[in-house]
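Each remark here refers to the structure printed beneath this line.
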Amino acid sequence: MARRKYVVGNWKMNGLASALDEARAIFEGAAAHPSVDVALCPPFTLIGAMHAAAPDAAVGGQDCHSADAGAFTGSVAASMLADAGATLVIVGHSERRDGCGETNAEVKAKAEAALAAGLSVILCVGEPREVREAGGAIDHVLAQVRESLPDQFDRTRLAIAYEPIWAIGTGLVPTVEDVAAMHGSIRAALTERIGAGANELRLLYGGSVNGDNAAELLGAGDVDGALVGGASLTAAKFLPIVAAAATLAG
Ligand code: PEP
């Protein structure tokens, strides 16, 4: 089964209500590329408004709690994201793994909660620079995949985003060969775990993707799309990435 290209924007902690016009422009522009699935993950505060502004578009959260309700001040449950109009959520982003001390076990619990709430999941993995330099990137990432992956999941509702931490927001990118080697290793680990159905899972690359490098990075073996931070904030920067994905979708 051919995997559809998938380009997801992670707005991180950016965006006020005034940014909804930009989101509308992104979704309108993306409609010209029907072979590509496009989603935006704004801050929690904009999910409802973005869904209202573009009801047919895929809008997601950037994190969720693993519990469905309770005394967790400042947290948001997966069911709350769905209630606000989200259809997906990012879990395990390195800014949460490192910045908030999230473990693989917590990421797994979040992914399971999100799937149970009916959301699709983008599960992030990636190695720090020193691990890459020491030659341990593949082992590091495969351990994250094995330990963060839910025990059971619908493979059409889970994507893995490989995001080398040293490439996020830095302008640095791995070589196409390194991306292909990592994605091939992730695919092989998934096949070991769930069999041939692993071919249905989408593997995204993330880390300093822009309109100039998207075609090359998305053209690497086993890359099915991109998770994009900085370049997802404006239509002018994001739509060329979507267009590059469309050319690869054939
Ligand atoms: C991200 O944070 O997921 C990301 C890939 O950021 P950037 O594209 O800005 O490197």
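The values are calculated or read from the model by the stated rules, or taken from the named source; none is laboratory data. Keep in mind that what you see is a predicted model, and the values were worked out from it rather than measured. Reconstructed Cβ throughout: ideal geometry from the backbone, glycine too, with neighbour counts over all protein chains shown.
Here is a yes/no grid of residues against (1) in a helix (DSSP H, G or I); (2) within 19 Å of residue 225 (Cα to Cα); (3) touching a strand residue (DSSP E or B) at 6+ places or on another chain (Cβ under 8 Å):
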site	(1), (2), (3)
80	yes, no, no
86	no, no, yes
89	no, yes, yes
105	yes, no, no
108	yes, no, no
114	yes, no, yes
141	yes, yes, yes
161	no, yes, yes
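Results for (1) within 16 Å of the ligand (Cβ to nearest atom); (2) closer than 20 Å to residue 202 by Cα; (3) of a type in the set (Val, Ile, Thr); (4) touching a Pro at 6+ places or on another chain (Cβ under 9 Å), shown as yes or no for each residue.
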| position | (1), (2), (3), (4) |
| --- | --- |
| 115 | no, yes, no, yes |
| 136 | no, no, no, no |
| 146 | no, yes, no, no |
| 150 | no, yes, no, no |
| 159 | yes, yes, no, no |
| 169 | yes, no, no, no |
| 172 | yes, no, no, yes |
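If you go through segment 210-238 and keep only what is buried (at least 18 other Cβ atoms within 10 Å of the Cβ), part of a loop (DSSP other than H, G, I, E, B) and away from the ligand (no atom under 11 Å from the Cβ), you end up with 220, 222, 223, 224. Looking at (1) surrounded by fewer than 19 Cβ atoms within 10 Å (Cβ to Cβ); (2) under 20 Å from residue 238 (Cβ atoms); (3) under 17 Å from the mean Cα position of the chain (by Cα), which is the only condition residue 53 fails? It fails just one condition, (3).
Those residues that are in a loop (DSSP other than H, G, I, E, B) and in contact (Cβ under 8 Å) with a residue 60 or more places away in the chain, I need them from segment 33-77; list them, please.
If the condition is that a residue be in a loop (DSSP other than H, G, I, E, B) and in contact (Cβ under 8 Å) with a residue 60 or more places away in the chain, then 33, 35 are the ones that fit.
For residue 247, indicate whether it is hydroxyl-bearing (Ser, Thr, Tyr) and away from the ligand (no atom under 16 Å from the Cβ). Yes, satisfied. Annotation note: of 13, 1, the sole residue that is at pLDDT below 95 and under 30 Å from residue 215 (Cα atoms) is 1.
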